[in-house]
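For reference, the structure is listed below as structure tokens.
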Amino acid sequence: MSNSSIVALIDVNNFYVSCERIFQPSLNQHPVIVLSNNDGCAISRSQEAKDLGIKMGEPYFKFKNLVKKHNIKVLSSNYTLYADMSARVMKLLAKFSPNQEIYSIDECFLNLTSFKKRNDMISYANEIKKTIKLCLGLPVCVGIGPTKTLAKLANHMAKKHENFNGICDFNSMPKDLQNIWMEHIDVSEVWGIGRNLSLKLHKMNVNSVMDLKKSNFKRMREQFSVVMERTIEELNGYPALELEEYFTPRKQIISSKSFGKSMTCLSSLQEALSTYIKNAWKKLREQNSLLQTITVYIKTNRFSMNTKQHRQSIQMNLTSPTDDIIVINKIALFLLGKIYRTGYKYHKVGIMLSGLSQKNENDQYDFFITKNIKNSKINDVYEKINKKWTDKIQIASAAGIKKEWKMKSENKSKNYTTNWNELCKAFAN
């Protein structure tokens, strides 16, 4: 196996739960579950909760009895807190390598090839671990390998087997020992394989990671795709996936959430939609993009047995691309009015911005839509104010009073790191 490349995958353990435990130390004495939007399903579990048999994505109502029996602490998701803690983690990790790919909210790849002169890469991984724990209080695991796929697999082993003490380095592990481990790990644990693909592989008698590693590259490509070929190459130590160090703009942006309770009034739906438009627009501006198509959709709850069902979407292609929130909001509300029907209990509304392209100073715009200098200045001022003072101003159609459409979050923690009024007082004494 080639050891010319050194890639590390750093992953925060049980990220959402770990973030909550930092500011509520009493949670360390209990199993903890963080629920999804509207307090629906388990999306993060402490190890104690996992040991009780609670599965990822399991609906809350299915394990309510376990909650009472084992005194499990159940929390609503606090994405503001998690996003801020994630940013802090990634900023610290960037200090350990100039080459970083942020893969998700709680994990990133680091290219450590330039550090190969260090005799013991495990000691460097320990520095990473200790720094994140000391500065942020978050526990992490580190997987190291010559490729991204092997680094991901090594991270899986570091998590699952206590004898690794949170760090697994394939580069320094003897090849024979690597093969033994791979023979005992199901193929579904390989990055990018997943449950559905693993079922097909099992039928072909490709059951373990080792089975996939020994598969014929070209034959597997013919039966599956070039992605499978690259995965097998990576398992054999040949880098086929580069670190994506640069931000790749989204091709489409979707903003939508289920309501805390069903909505029948058009004004409430408009209020919710305008709020989601604002969220989508922020992402649009962050990646310096313009949109060409706006899609709006509404849905009733298909799981509600005694509810009349109505699901519909509608879209409009613009004559010229735009990033004007006033125009986007006006068109989206117009589209919503077109598909709204009285007498239905709506469970969800959403917007999708698509046909995205990078903004260019030399672009030619439609005079009546995006070349409106007044609107352009309003957009800039609106963005600057809300960046400096979080969401202090908003679109009038989103500024409702009751906001009855908001998600359920009965057990949401405070925004300890982003709101002066919610700083953790226990640490101030």
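No lab work stands behind these numbers, since they all come straight from the coordinates. Predicted, not measured: the structure shown is a model, and the values here were computed from it. Note: ideal-geometry Cβ built from the backbone for every residue, glycine included; neighbour counts use all protein chains shown.
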Grab the other residues whose beta carbon is less than 14 angstrom from that of HIS161, score K and R as +1, D and E as -1, and report the net. -1
Honestly region 15-78 on the Cα gyration tensor test (a ≥ b ≥ c root eigenvalues; a/c under 1.5 rounded, otherwise a/b vs b/c for prolate or oblate) is just oblate
Chymotrypsin sites (Phe, Trp or Tyr not before Pro) in region 8-60 lying in a DSSP loop, each with at most 14 other Cβ atoms within 10 Å of its Cβ, come to none
Label points 7 Å out from Cα along the Cβ direction at ASP176 and ASN13: separation in nm? 3.1
Once you've got the Cα coordinates, tell me which of LYS261/LYS282; LYS64/LYS160; LYS73/LYS129; LYS308/LYS348 are over 19 Å apart. LYS261/LYS282; LYS64/LYS160; LYS73/LYS129
Compute the signed sum of charges (Lys and Arg +1, Asp and Glu -1) over the other residues within less than 15 Å, Cβ to Cβ, of LYS200. +1
From the C-alpha gyration tensor of region 120-231, pull out the three semi-axes of the equivalent ellipsoid (sqrt of 5λ each), sorted largest to smallest, in whole Å. 29, 14, 12
Quote to one decimal, in nm, the extra length available between GLN309 and MET204 on full extension: 0.36 nm per residue of separation minus the C-alpha distance between them. 33.6 nm
Work out, step by step, the length gained on full extension between ASN419 and ASN288: first 0.36 nm times the residue separation, then minus their alpha carbon distance; give nm to one decimal. 44.4 nm
Of the options PHE63, LEU27, SER46, report the single residue whose Cα projects farthest towards the positive end of the charge dipole of region 15-78 (beta-carbon charges: Lys, Arg +1; Asp, Glu -1). PHE63
Rounded, prolate or oblate, given the Cα gyration tensor of region 42-98, with a/c below 1.5 counting as rounded? prolate
